[in-house]
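Working notes, beginning with the structure itself.
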Amino acid sequence: MSADRSGARLRTITWLVPVLWTLGLGLWGLSRQDSVWRDEAATWQVAGRSTGEIWDMLGNVDAVHGLYYLLMHGLFELFGAGTTTLRLPSVLAVAAAAACVAVIGRRLAGFWAGLGGGLALGLLPAVQFYLQEGRPYALVTAGAGLSTLLLVSLLSAPPGRRAWPRWTGYALVVLVCALLNWLSLLVLPAHAATLWWVRAGRGVWLRWAAYGACAVAGALPLVLFSRSQSDQVSWIPPLTWHMMIGPAILLAIGGIGALADRPRTGGLSATAVGLPLLAVPQLGLIGMSLVQPLFLDRYVLFSMLGLALLIGAGLGAAVRAVRPRFPRAPGLLVPAVTGIAVVAMLPLELDKRAPASRVDDVLSVAGEVARLGRPGDAVLFVPAARRDTALVSPGSFTGLVDVALERSPVASATLKGEETDPARIRAALLGQRRVLLVTDSAKVAKPSGAARDAAKAAVLKERFRVVEDRQVRGRRVTVYERR
């Protein structure tokens with residue numbers, strides 16, 4: 001076999017094995033025992049609306065996820081609603097991100113670094129959670145991986161090679177990621193740190209600034225408009241010291257990989273790319289959270305690309321260290337470490353694929369409603385957001401009357417609909433003989449300060465008695481009958 005053919009074969013293996021590996025991890029237990037939790041329920045119910053209805057809703061709520069909802073609407077139209085359609089895009093996205101990590105690692109630190117980094121990405125706990133999640137964070141991670149790969153190719157390209165198509169592609173990918181979640185723009189300062197590390201020339205800096213500014217300008221209307229909907233993130237708690245333990249551990253692990261890589265300032269290396277990609281988004285989100293609480297790991301899931309790249313660099317350094325004394329060891333080291341990691345993390349891997357890994361399950365409680373409900377029964381939701389159960393599984397609520405609802409989610413262009421005033425809710429309940437209350441289980445329930453919810457609780461306590469109560473996977477169905 002010629003050197004060219006051998007090199008091409010190794011290049012293909014570098015990215016193909018991580019892709020297949022990540023697809024296997026993602027397809028394993030994809031349905032999570034046919035469960036869907038509240039965040040995915042939002043995707044499900046919005047994707048089932050028409051394009052016009054989605055557009056109307058984005059004017060009131062969730063504009064930050066508008067592009068993702070439109071994408072999922074198209075997929076639901078083509079393939080039908082289901083857990084596979086809901087989650088497969090995330091699986092494919094993380095597989096693509098693993099391929100990007102592998103290619104970057106191979107270019108900067110060799111075959112084993114690329115292969116190890118690509119395999120490592122899908123095993124990271126945060127990635128395993130969102131690998132099978134019907135939300136946009138995995139897609140953002142894939143885009144961040146592609147934009148980083150484009151930047152590496154531009155920095156390592158020989159002088160004189162035409163670069164504007166790749167710069168254009170870079171700007172478009174960053175823009176699309178920002179339209180999926182504008183906090184992904186934190187990838188730009190991470191890339192700026194890489195340019196500083198490698199002492200990029202003035203021309204590279206100018207091009208990066210120009211194309212990056214175009215991406216920011218394209219996303220700016222969404223950023224500004226979504227700020228008017230900031231009540232959606234008002235539930236995020238203020239930043240505390242214990243919340244920074246996770247980022248500190250990640251940075252420590254990345255630092256070990258960086259030390260093993262032995263980077264030199266001024267040279268393009270796995271550390272020069274991976275360490276900023278890991279650290280800058282994490283630190284940037286922490287800084288933003290000092291102004292407004294925003295610290296959720298999913299918003300910077302793409303920073304795990306940097307951690308995987310650094311882990312790969314560490315594995316590549318280990319292979320180089322053992323090769324002189326044990327010539328056959330390099331071919332076993334990375335597979336052995338990967339196998340050990342899989343076995344060691346098996347409890348976590350099984351946990352992430354179980355319904356209990358999420359705070360609740362809208363499908364299981366819908367099944368309980370179908371079993372307990374009778375035609376003509378009233379149904380209440382506390383808080384109103386728990387109406388997502390009926391929106392995802394409407395067949396389970398056939399024959400039940402939503403007595404508190406004044407305008408449906410579609411008619412009101414909202415996620416949870418608009419409920420009537422407390423007095424009318426009370427009057428409607430007094431005319432019912434049986435009521436099904438759908439709410440959170442005692443373990444996850446939080447006090448509701450809404451006047452409507454207080455009115456519901458008061459009437460049920462005064463005029464009704466509990467005849468059956470079921471708690472399943474974070475949700476609760478209680479059946480009341482008139483005294």
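The values are calculated or read from the model by the stated rules, or taken from the named source; none is laboratory data. Keep in mind it's a predicted model, so treat the numbers as computed, not measured. Note that we place each Cβ from the backbone using ideal geometry, even for glycine, and neighbour counts take in every protein chain shown. The accessibility values were calculated without ligands, DNA or RNA, using every heavy atom of the protein model including side chains. Shrake-Rupley method; radii C 1.70, N 1.55, O 1.52, S 1.80 Å.
For the range 314-409, the relative contact order comes to 22 percent (Cα pairs under 8 Å, sequence separation of at least 6). One quarter of the convex hull surface built on the alpha carbon atoms of the range 247-340 amounts to 7.3 nm², the projected area averaged over directions.
Keeping every protein chain in place, order K443, K416, K456 by accessible area at 1.4 Å, biggest value first, i.e. largest first. Please report the intermediate quantities before stating the final value.
Numbers: K443 190, K416 100, K456 0 Å².
From most exposed to least exposed: K443, K416, K456.
Take the Cα of S234, step 7 Å toward its Cβ, do the same at D39, and the gap between the two points is 2.1 nm. For A445 and A213, the FRET efficiency from 1/(1 + (r/R0)^6), where r spans their Cβ atoms and R0 equals 60 Å, is about 0.80. Ranked by solvent-accessible area (1.4 Å probe, protein heavy atoms only, all chains present), the residues C177, C214 order from largest to smallest as C214, C177. Taking the Cβ of G417 as the center, what net charge do the other residues with Cβ under 9 Å away carry, scoring Lys and Arg +1 and Asp and Glu -1? Cβ neighbours under 9 Å give a net charge of -1.
Anisotropy class assigned to the range 191-276 is oblate, per the alpha carbon gyration tensor with a/c at or over the 1.5 cut-off and a/b no larger than b/c. For R483 and E418, the FRET efficiency from 1/(1 + (r/R0)^6), where r spans their Cβ atoms and R0 equals 41 Å, is about 0.85.
Averaging Cα coordinates gives a centre for the range 6-35 and one for the range 186-207; these two points are 31 Å apart. Each residue of the range 271-284 was assigned a 3J(HN,Hα) from its phi angle through the Karplus expression (A = 6.51, B = -1.76, C = 1.60, θ = phi - 60°), giving 5, 4, 9, x, 5, x, 5, 7, 7, 5, x, 5, 5, x Hz with x at Gly and Pro. Rolled with a 1.4 Å probe across the full set of protein chains, the surface gives I245 an accessible area near 100 Å². Each Cα pair under 8 Å and six or more residues apart adds its sequence gap; the mean of these over the residue count of the range 146-289 is a relative contact order of 32 percent. Estimated at 0.36 nm per residue, the fully extended path between L290 and V343 surpasses their Cα-Cα distance by 15.2 nm. Legend: Rg and Dmax of the range 285-341, from Cα coordinates, 17.8, 54 Å. Whole Å is fine, so just give me how far the alpha carbon centre of the range 90-111 lies from that of the range 426-441. Distance between centres, Cα-based: 53 Å.
Karplus-based coupling profile of the range 189-197, in residue order and whole Hz: x, 5, 5, 4, 5, 5, 4, 5, 4, with θ = phi - 60° in 6.51 cos²θ - 1.76 cosθ + 1.60 and x standing for Gly or Pro.
Could you do me a favour and compute the accessible area per residue for the chain, 1.4 Å probe, result in Å²?
Working: 21440 Å² over 483 residues.
Heavy-atom SASA per residue in the chain reads 44 Å².
When the helices in the chain are scored as -39500 (n - 2.57) per DSSP H run of 4 or longer and the sum is shared across all residues, what 222 nm value do you end up with, to the nearest 500 deg cm²/dmol? Computed ellipticity for the chain at 222 nm equals -20000 deg cm²/dmol.
At 0.36 nm per residue, minus the direct Cα-Cα distance, what do I245 and W205 gain on full extension? Give it in nm, one decimal, please. Kindly include the intermediate steps, with their values, before the conclusion.
Numbers: separation 40, 0.36 × 40 = 14.40 nm, distance 3.40 nm.
Between I245 and W205, full extension yields 11.0 nm more.
Counting only heavy atoms of the protein chains and using a 1.4 Å probe, H242 has close to 130 Å² of accessible surface.
With a Förster radius of 51 Å applied to the beta-carbon distance between V359 and R5, the computed FRET efficiency rounds to 0.50. Once the Cα atoms of helix 111-121 and of the chain are each reduced to a long axis, what angle between those two axes, in degrees from 0 to 90 to the nearest 10, is obtained? The two axes meet at around 10 degrees.
Amide H to amide H, with H built 1.01 Å from N, V379 comes under 5 Å of V401, D402, V403, L436, counting only residues 5 or more places away or on other chains. According to the square roots a ≥ b ≥ c of the eigenvalues of the Cα gyration tensor, what is the shape class of the range 104-214, taking rounded for a/c under 1.5, prolate for a/b larger than b/c otherwise, and oblate for the remainder? Taking the square roots of the gyration eigenvalues as a ≥ b ≥ c, the range 104-214 is oblate.
Sort the range 72-167 into rounded, prolate or oblate with this rule: let a ≥ b ≥ c be the square roots of the eigenvalues of the Cα gyration tensor; rounded if a/c is under 1.5, and if a/c is not under 1.5, prolate when a/b is larger than b/c, oblate otherwise. Verdict is oblate for the range 72-167.
Grab the eigenvalues of the alpha-carbon gyration tensor for the range 1-120, scale each by 5, take roots, and send me the semi-axes largest first in whole angstrom. List each step's numbers first, then the result.
Details: eigenvalues 277, 48, 30 Å².
Semi-axes from the Cα gyration tensor: 37, 16, 12 Å.
Rounded to the nearest 10 degrees, the angle from helix 3-27 to the longest Cα principal axis of the chain is 20 degrees. Around the amide H of F464, modelled in the peptide plane, lie the amide H atoms of R483, all under 5 Å away and 5 or more residues distant in sequence or on another chain. So how tilted is helix 66-79 from the main axis of the chain? Cα-based, degrees 0 to 90, rounded to 10. Taking Cα atoms only, the helix is inclined about 80 degrees. A simple spin-label model places pseudo-atoms 7 Å from Cα toward Cβ; at A458 and L70 they are separated by 4.5 nm. With the whole protein complex present, V467 retains an accessible surface near 60 Å², based on a 1.4 Å probe.
Suppose accessible area is computed on protein heavy atoms with a 1.4 Å probe; arrange E53, E419 from highest to lowest. Intermediate values should be presented prior to the final figure.
Numbers: E53 65, E419 20 Å².
My answer, sorted largest first, is E53, E419.
Derived from the Cα gyration tensor, the three semi-axes of the equivalent ellipsoid of the chain are 47, 24, 19 Å, largest first. Averaging the sequence gap over all C-alpha pairs within less than 8 Å and six or more residues apart, then dividing by the number of residues, gives the chain a relative contact order of 17 percent.
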